[in-house]
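In what follows, a single structure is set out as structure tokens and then discussed.
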């Protein structure tokens with residue numbers, strides 16, 4: 001256990017140090033969610049006037065939850081890129097040789113993803129509040145929203161890590177990104193589920209991301225809905241992708 | 001045909017020069033190239049390459065070789081000085097220079113998505129060849145460099161040697177009279193290197209093409225070049241035939257290691273008759289031969305007469321590295337390490353051309 | 001165009017097209033991604049049709065124009081990345097040593113973009129028609145849509161070429177992609193400008209030339225023959241293309257730096 005922890009902390013230190021001492025690494029991952037927030041909450045605010053749209057906290061908060069969870073997901077993916085890059089540069093071989101408990105390496109990368117995302121989430125939240133976002137949820141409910149974000153971040157990182165460990169090249173980037181992108185966008189992004197029509201309603205209803213979004217929005221509006229289901233989905237995803245990532249690690253070890 | 005496994009070695013000049021394709025050669029006078037920040041990658045080069053000869057431009061990384069080539073091939077305007085290639089001024093008659101030269105530069109500069117055949121078709125088209133001639137020339141060059149089988153494969157699947165061969169073929173598309181080769185064998189395996197050497201020697205010997213070859217490999221300059229220019233820090237520090245340059249430095253030395261270490265003094269006594277002792281292997285005796293290489297036979301006879309048996313006898317001729325050492329105080333290897341540790345103009349980002 | 005220049009342009013254009021089509025990793029997303037986003041946006045924002053003052057009763061009709069803009073954005077990065085790779089690998093030097101004229105390089109490069117944009121535009125239009133889009137400008141309007149879309153792709157491609165020649169690296173061109181994406185989003189891509197509630201956003205969308213490029217294409221689908229929208233769309237596409245081409249030419253001269 002001690003060696004697992006020391007490996008995880010060592011890998012995490014390196015990633016966090018690199019991210020926070022290199023603005024070129026950290027800043028884009030902060031700017032993207034801000035940009036989406038601006039484009040959606042700013043450009044589409046009229047959508048709140050669509051008959052049947054009655055989200056109590058307003059459109060800004062409605063979009064904030066999407067951007068919050070999207071930043072968590074993509075924060076995990078970007079760290080998956082970092083893993084792939086380490087393989088391309090040969091640095092991963094160094095880690096694999098040096099680490100007594102190699103699963104600690106994956107844990108270390110997950111820690112990096114978490115810390116980076118927390119920084120991003122803080123900035124996005126601050127901007128949203130400055131933009132006049134209404135927050136109707138209690139402290140507990142907002143903690144719940146944060147918890148959902150953390151789980152989404154880790155799940156996405158583990159998914160991307162599994163890909164990176166199997167393919168060991170940045171060219172696998174689209175494989176990491178596209179499924180997550182589709183999962184997020186085939187959910188109620190712009191309007192609540194009830195206002196979606198046709199095929200998109202059917203798809204969104206079956207999409208696990210919908211549970212996360214609806215629950216998150218309920219938490220910020222102070223009207224929690226399907227929170228248990230959302231956490232079950234998130235925890236389940238973390239469990240599933242942990243196995244996926246560890247299998248990927250075995251694959252990387254076998255490749256040498 | 002340029003195929004790996006062909007014998008290396010310099011082609012004796014008199015043996016086959018049927019005609020010299022180039023009549024003018026290359027002349028440079030006071031050639032300077034300065035980059036941003038006042039870095040002088042080339043600092044007043046004066047050189048002359050005679051028509052039909054192979055001129056080896058030898059120097060460590062960062063010495064100014066590639067910058068010189070870029071100026072002579074009109075890719076980079078000189079800051080000062082003049083140069084004439086194939087009888088045309090590089091600054092005023094660039095298009096005419098380019099029509100007369102072929103260049104295989106340091107980067108293989110190939111498109112990984114195109115096939116070998118497509119590269120040649122593009123090159124022939126850009127040179128304005130008629131369609132029928134394009135096809136014919138493409139096939140002839142593919143045959144010549146041994147890439148016919150691989151012609152329809154994308155270049156990204158080619159080995160390093162194959163890429164270099166294609167590079168050479170592209171440089172020869174328009175039958176240039178002067179060929180510039182910038183470190184053509186860097187990174188190649190010995191077989192591919194030998195094959196390329198053979199082809200370069202054949203081009204010069206058979207077809208009279210003037211070849212300007214830059215290299216950091218002593219052996220390459222020694223084997224291929226008729227004359228060698230040694231460049232360091234942007235200046236030519238020595239120039240001449242490899243033999244003359246080495247002779248300038250000194251005579252060869254012979255090292256003898258006796259089978260029996262107790263005979264070392266006796267061996268030393270014999271060898272002293274033929275030259276002055278110099279530092280060498282602790283197990284043997286080394287002297288610099290007063291009579292040159294020809295004295296080696298006498299040395300062997302003398303040792304035999306005295307009944308001395310040797311474990312090892314070796315003649316050390318001065319190398320071009322010795323020449324570089326004598327001229328600059330550093331060996332070429334040491335100079336290469338030093339160049340890698342300091343920023344130099346040739347590797348410091350994209351040079352700003354002085355004219356728009 | 002003289003025969004030698006035509007031959008050079010033709011050869012380089014052929015290479016540009018072949019190269020583009022041989023990179024399915026780059027090409028396929030440029031076809032699929034805009035269509036996926038279209039499906040997502042139409043599904044997600046279809047309810048906006050019910051907003052008072054929305055200019056059409058079909059959000060699909062409204063949103064189709066955006067696919068062409070996204071396609072153009074992909075053209076920018078593909079063109080720029082390919083040219084930057086030529087610079088980085090030294091292939092540009094190889095071309096510079098031939099009698100190739102610099103105009104031939106740019107024109108040839110842009111030919112690849114035209115080919116890709118034509119295929120994209122035809123595909124997007126076909127998908128739209130199958131999904132029920134009925135352009136108000138009729139059959140003639142379809143051709144104008146394709147023409148304007150190709151012109152926009154050319155203009156953006158010229159921007160990509162300029163970026164490549166200016167920076168010399170593919171990474172720098174790729175890094176501009178998010179910035180260009182921002183230009184797309186801060187426009188009237190999702191809602192008409194008069195329905196954008198937030199003042200600063202509406203002002204930015206009004207200043208943003210991309211709004212008029214989208215609106216030019218969109219007008220052919222939802223309005224018919226709107227002279228003002230078309231004039232603005234074509235005018236801005238030509239202006240952006242001309243400026244970008246001029247800038248690219250200047251930097252190309254610098255890159256070639258031949259005597």
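Numbers at a glance
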read-out: Paramagnetic reach from residue A:129 in the stretch A:41-84 [backbone N under 15 Å; point 7 Å along Cα→Cβ]; value: A:61
read-out: Computed E for residue B:296/residue C:102 - FRET, C-beta separation, R0 60 angstrom, nearest 0.05; value: 0.50
read-out: Residue of B:167, B:111, B:322 that the Gaussian network model of chain B assigns the largest fluctuation, springs spanning Cα pairs under 10 Å; value: B:111
read-out: GNM result for chain B, Cα springs below 10 Å: residue of B:56, B:291, B:116 fluctuating most strongly; value: B:291
read-out: Average Cα contact separation per residue, chain C, under 8 Å, 6 or more apart, as relative contact order %; value: 26 percent
read-out: Prolate/oblate/rounded call for the stretch A:157-226, Cα gyration tensor, a/c under 1.5 rounded; value: prolate
read-out: Cβ-Cβ FRET estimate between residue A:169 and residue A:25, R0 fixed at 22 Å, reported to 0.05; value: 0.70
read-out: Estimated FRET transfer efficiency (residue B:281, residue B:191; beta-carbon r; R0 56 Å; 0.05); value: 0.95
read-out: Contact order normalised by residue count of the stretch B:251-316, Cα under 8 Å, 6+ apart, percent; value: 49 percent
read-out: Extension reserve of the residue B:148-residue B:80 stretch, reckoned as 0.36 nm per residue once the Cα distance is removed; value: 20.1 nm
read-out: Choice from B:262, B:192, B:177 with maximal GNM fluctuation in chain B (Cα, 10 Å cutoff); value: B:262
read-out: Sorted by Cβ density within 10 Å, fewest first, the residues B:26, B:54, C:198, A:83; value: C:198, B:26, B:54, A:83
read-out: Neighbour-count ranking [beta-carbon atoms within 10 angstrom, fewest first] of B:259, B:84; value: B:259, B:84
read-out: Two-decimal Rg/Rh across chain C, once Rg and the Kirkwood Rh are taken from alpha-carbon atoms; value: 1.00
read-out: Long-range Cα-Cα pairs in the protein assembly as shown (distance over 36 Å), rounded percent; value: 60 percent
read-out: Residues of the stretch A:39-68 with amide N under 20 Å of a point placed 7 Å along Cα→Cβ from residue C:50; value: A:44-60, A:62-63
read-out: Ascending count of other beta-carbon atoms within 10 Å, so fewest first, for C:124, C:59, B:217, A:109; value: B:217, C:59, C:124, A:109
read-out: Helix A:227-255 vs. chain A, principal-axis angle (Cα, 0 to 90°, nearest 10); value: 20 degrees
read-out: Antiparallel bridges, percent of DSSP beta bridges restricted to the stretch B:160-242 (to nearest 5); value: 50 percent
read-out: Degrees separating the helix A:58-89 axis from the principal Cα axis of chain A, which is the longest one; value: 10 degrees
read-out: Residue-averaged [θ]222 nm for the protein assembly as shown, counting only DSSP H segments that reach four residues, each worth -39500 (n - 2.57); value: -20000 deg cm²/dmol
read-out: Separation of alpha-carbon centers, the stretch B:92-120 and the stretch B:269-300, rounded to whole Å; value: 51 Å
read-out: Spin-label model distance (nm) - residue A:93 vs residue A:247, 7 Å beyond Cα toward Cβ; value: 2.7 nm
read-out: Estimated inter-spin distance, residue A:140 and residue C:22, nm [label 7 Å along Cα→Cβ]; value: 6.4 nm
read-out: Distance in nm between pseudo-label sites at residue B:326 and residue A:48 (7 Å out along the Cβ direction from Cα); value: 8.8 nm
read-out: Relative contact order of chain A, defined on C-alpha pairs under 8 angstrom at six or more residues apart (%); value: 27 percent
read-out: Among beta bridges that DSSP assigns inside chain B, antiparallel share in %, nearest 5; value: 65 percent
read-out: Rounded to 10°, Cα long-axis angle of helix C:170-185 versus longest principal axis of chain C; value: 20 degrees
read-out: Cα centroid separation, the stretch B:155-170 to the stretch C:189-259 (Å); value: 44 Å
read-out: DSSP beta bridges in the protein assembly as shown [antiparallel fraction, %, rounded to 5]; value: 65 percent
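A short reminder: the numbers here are calculations on the coordinates, not readings from a lab. Note that this is a predicted model, so its numbers are computed, not measured. Glycine also receives a Cβ, built like all others from the backbone with ideal geometry; neighbour counts cover every protein chain displayed.
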